[in-house]
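J.: Here it is, the structure in full.
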Amino acid sequence: MDLHSQKQIRLKPFVSIVILNYNGVKYLQEFLPTVLATQYENYEVVVADNGSTDNSISFLQENFPSVKIITSPTNEGFAGGYNWALKLICAEYYVLLNSDVAVTPNWLSPMVDLLTIDSNIAACQPKLLSYKEPAYFEYAGAAGGWIDALGYPFSRGRVFDYCETDEHQYENAAPIFWASGASMLIRSKVFHELGGFDPNFFAHQEEIDLCWRIQLKGYQIYCCPKATVYHVGAGTLPRGGRKVYLNFRNNLAMLCKNLPLSELLWKLPFRLSLDALSAWKGLLNGDASFFTAIVKAHFSLFSFILKRKIHRSGSIKSMHKLDGVYAGSLVYQYFIKKRHYFNKIVK
């Protein structure tokens with residue numbers, strides 16, 4: 001290696017790409033080669049195994065000896081899994097990358113450049129497209145996460161279950177409310193400063209809670225569309241009652257933790273009412289497990305309210321002072337006004 005090449009490597013921040021794995025050997029086999037083909041001079045790939053019972057570890061040892069492996073004896077979920085793993089990893093930047101994500105060769109450099117240029121940006125995500133239907137945005141983040149005034153998350157390119165076609169309408173790097181946990185670049189210092197993810201969440205919306213706390217601390221979150229990845233989606237936790245329960249419980253818990261009390265006192269009852277309507281609709285449509293999951297989520301919320309000040313950093317600020325917040329109601333726009341496109345809602 002010549003002196004010029006050595007200097008270039010020294011100038012590039014060291015990035016640890018951390019893939020949290022739970023019984024995902026088929027995804028590692030399919031997508032890990034794309035990660036190892038990343039065109040960036042100074043990075044490592046770490047697979048953090050979250051108590052897998054398949055042959056993930058032996059497969060990695062035999063087929064990808066350059067990949068570092070760290071293991072946990074139990075499945076700590078997305079939140080707890082990354083918390084223990086990142087305590088063991090030393091790097092300037094972490095990439096949290098789902099095992100079911102295919103990356104493009106130049107996906108990493110634009111995101112690192114973005115954070116390097118602006119020290120106030122704590123985390124960013126690439127543009128997420130669907131692996132199965134590459135012309136469409138992918139549910140888990142699309143072109144950057146937003147949230148409405150009542151706490152319903154959506155994205156540039158995805159509103160509720162509707163995913164737009166990627167017609168390059170969101171090609172600008174822009175501040176957002178939350179970056180997708182499927183593919184997120186984050187400053188290690190900020191992650192640890194804020195205590196990482198809330199382990200009580202286990203899985204679902206823990207990245208939104210973390211990004212909310214990051215903004216309360218005074219940092220920004222960005223989407224970097226110059227970087228593109230392809231996400232399979234729903235690859236780690238099966239659809240069903242458990243998934244519904246975690247989504248509803250964690251979303252409400254996030255509001256209890258991060259909203260000013262003056263906003264929480266009216267928003268929480270309103271949200272509980274909307275959730276109840278959704279639950280009864282599910283029951284009338286014959287989905288009893290959906291109804292039961294929401295009821296269970298509401299009852300379990302009490303423990304989070306008691307721990308309102310736990311795992312929170314920074315001052316409480318009104319939502320309208322944060323980036324990526326739609327001041328209106330997403331439910332009203334989507335179901336009443338029939339507006340399914342981000343640009344039709346956020347103008």
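J.: Checking the conditions here, which among C224, C211 is touching a Cys at 6+ places or on another chain (Cβ under 9 Å), modelled with pLDDT of 95 or more and crowded, with 23+ Cβ neighbours inside 10 Å? I'd like the intermediate steps shown before the answer.
T.: On the way: C211 fails: touching a Cys at 6+ places or on another chain (Cβ under 9 Å).
The match here is C224.
J.: Something else now. Looking for whichever is under 24 Å from L11 (Cβ atoms) and either surrounded by fewer than 24 Cβ atoms within 10 Å (Cβ to Cβ) or aromatic (F, W, Y) (or both) here; the options are Y152, Y131, Y93. Which one fits? Break it down stepwise before answering.
T.: Numbers: Y152 fails: under 24 Å from L11 (Cβ atoms); Y131 fails: under 24 Å from L11 (Cβ atoms).
From the options Y152, Y131, Y93, the qualifying one is Y93.
J.: Hey, among T34, T53, which residue is at pLDDT 95 or above and touching a Ser or Thr at 6+ places or on another chain (Cβ under 9 Å)? Show your work before the answer.
T.: Numbers: T53 fails: touching a Ser or Thr at 6+ places or on another chain (Cβ under 9 Å).
Of T34, T53, the one residue that is at pLDDT 95 or above and touching a Ser or Thr at 6+ places or on another chain (Cβ under 9 Å) is T34.
J.: For segment 131-142, enumerate the residues that are in contact with a His (Cβ under 7 Å, 6 or more places away or on another chain) and small (G, A, S).
T.: Narrowing segment 131-142 to residues in contact with a His (Cβ under 7 Å, 6 or more places away or on another chain): 131, 138, 140.
Of everything in segment 131-142, just one residue is in contact with a His (Cβ under 7 Å, 6 or more places away or on another chain) and small (G, A, S), namely A140.
J.: Moving on. Within segment 188-212, can you find the residues that are under 20 Å from K243 (Cβ atoms) and either part of a loop (DSSP other than H, G, I, E, B) or charged (D, E, K, R) (or both)? Outline the logic, then answer.
T.: Filtering segment 188-212 for residues under 20 Å from K243 (Cβ atoms) gives 197-210.
Listed by number, the residues that qualify are F197, D198, F202, A203, H204, Q205, E206, E207, D209.
J.: Checking K189 against (1) in contact with a Phe, Trp or Tyr (Cβ under 9 Å, 6 or more places away or on another chain); (2) charged (D, E, K, R); (3) under 23 Å from N258 (Cβ atoms), which test does it fail?
T.: Exception for K189: condition (1).
J.: Going through segment 68-90 one residue at a time, which ones are among the small types (G, A, S) and under 20 Å from the mean Cα position of the chain (by Cα)? Full working, then the answer.
T.: Taking segment 68-90 first, the residues among the small types (G, A, S) are 72, 77, 79-81, 85.
Selection gives G77, A79, G80, G81, A85.
J.: Under 8 Å by Cβ, and 6 or more places apart or on different chains, what pairs join a residue from segment 43-56 that is touching a residue at least 24 places away in the same chain (Cβ under 8 Å) and assigned to a strand (DSSP E or B) with one that is among the acidic types (D, E) and surrounded by 14 or more Cβ atoms within 10 Å (Cβ to Cβ)?
T.: Hits for this filter: N50/E76.
J.: Any idea how many residues of segment 245-267 are in a helix (DSSP H, G or I) and either under 23 Å from the mean Cα position of the chain (by Cα) or at positive phi (or both)?
T.: Taking segment 245-267 as the starting set, the residues that turn out to be in a helix (DSSP H, G or I) are 245-258, 261-267.
Add one more test, that the residue is either under 23 Å from the mean Cα position of the chain (by Cα) or at positive phi (or both), and what stays is 245-258.
Of the residues in segment 245-267, 14 are in a helix (DSSP H, G or I) and either under 23 Å from the mean Cα position of the chain (by Cα) or at positive phi (or both).
Condition check ((1) touching a helix residue (DSSP H, G or I) at 6+ places or on another chain (Cβ under 6 Å); (2) without any contact (Cβ under 8 Å) to a residue 60 or more places away in the chain; (3) not in a loop (DSSP other than H, G, I, E, B)) across all residues:
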position	(1), (2), (3)
L115	no, no, yes
L129	no, no, yes
P134	no, no, no
A143	no, no, no
I147	no, no, yes
H168	no, yes, no
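J.: Out of curiosity, is G324 surrounded by 16 or more Cβ atoms within 10 Å (Cβ to Cβ), touching a Phe, Trp or Tyr at 6+ places or on another chain (Cβ under 7 Å) and at pLDDT below 95?
T.: It is false that G324 is surrounded by 16 or more Cβ atoms within 10 Å (Cβ to Cβ), touching a Phe, Trp or Tyr at 6+ places or on another chain (Cβ under 7 Å) and at pLDDT below 95.
J.: A further question on this structure: Tell me, which residue of segment 1-29 that is of a type in the set (D, E, K, R) and at pLDDT below 95 is surrounded by the most Cβ atoms within 10 Å (Cβ to Cβ)? Spell out the reasoning first.
T.: As a first pass, look at segment 1-29 and keep what is of a type in the set (D, E, K, R): 2, 7, 10, 12, 26.
Keeping just the survivors that are at pLDDT below 95 gives 2, 7, 10, 12.
On the way: D2: 7, K7: 9, R10: 10, K12: 17.
Restricting to residues being of a type in the set (D, E, K, R) and at pLDDT below 95, the top hit is K12.
J.: Further question on the same structure: Take the residues in segment 230-244 that are part of a helix (DSSP H, G or I) and surrounded by fewer than 21 Cβ atoms within 10 Å (Cβ to Cβ), then tell me which one is modelled with the highest pLDDT.
T.: Step one: of segment 230-244, the residues part of a helix (DSSP H, G or I) are 241-244.
Of the ones still in play, those that are also surrounded by fewer than 21 Cβ atoms within 10 Å (Cβ to Cβ) are 241-243.
On the way: G241: 81, R242: 85, K243: 89.
Of everything passing the filter in segment 230-244, K243 is modelled with the highest pLDDT.
Condition check ((1) free of Cβ contacts under 8 Å to residues at least 60 places away in the same chain; (2) of a type in the set (A, V, I, L, M); (3) closer than 22 Å to V331 by Cα) across all residues:
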{"residue": "H192", "(1), (2), (3)": "no, no, no"}
{"residue": "F202", "(1), (2), (3)": "no, no, no"}
{"residue": "K226", "(1), (2), (3)": "no, no, no"}
{"residue": "K243", "(1), (2), (3)": "yes, no, yes"}
{"residue": "N250", "(1), (2), (3)": "yes, no, yes"}
{"residue": "P269", "(1), (2), (3)": "yes, no, yes"}
{"residue": "A276", "(1), (2), (3)": "yes, yes, yes"}
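J.: Next question. Determine which member of the set I89, I19, I70 is free of Cβ contacts under 8 Å to residues at least 60 places away in the same chain and not in a helix (DSSP H, G or I).
T.: Details: I89 fails: free of Cβ contacts under 8 Å to residues at least 60 places away in the same chain; I19 fails: free of Cβ contacts under 8 Å to residues at least 60 places away in the same chain.
Matching residue, one of I89, I19, I70: I70.
The values are calculated or read from the model by the stated rules, or taken from the named source; none is laboratory data. The structure presented is a predicted model; accordingly, all values stated were derived computationally and were not measured. Positions of Cβ are generated from backbone atoms using ideal geometry, with glycine treated the same way; all protein chains shown enter the neighbour counts.
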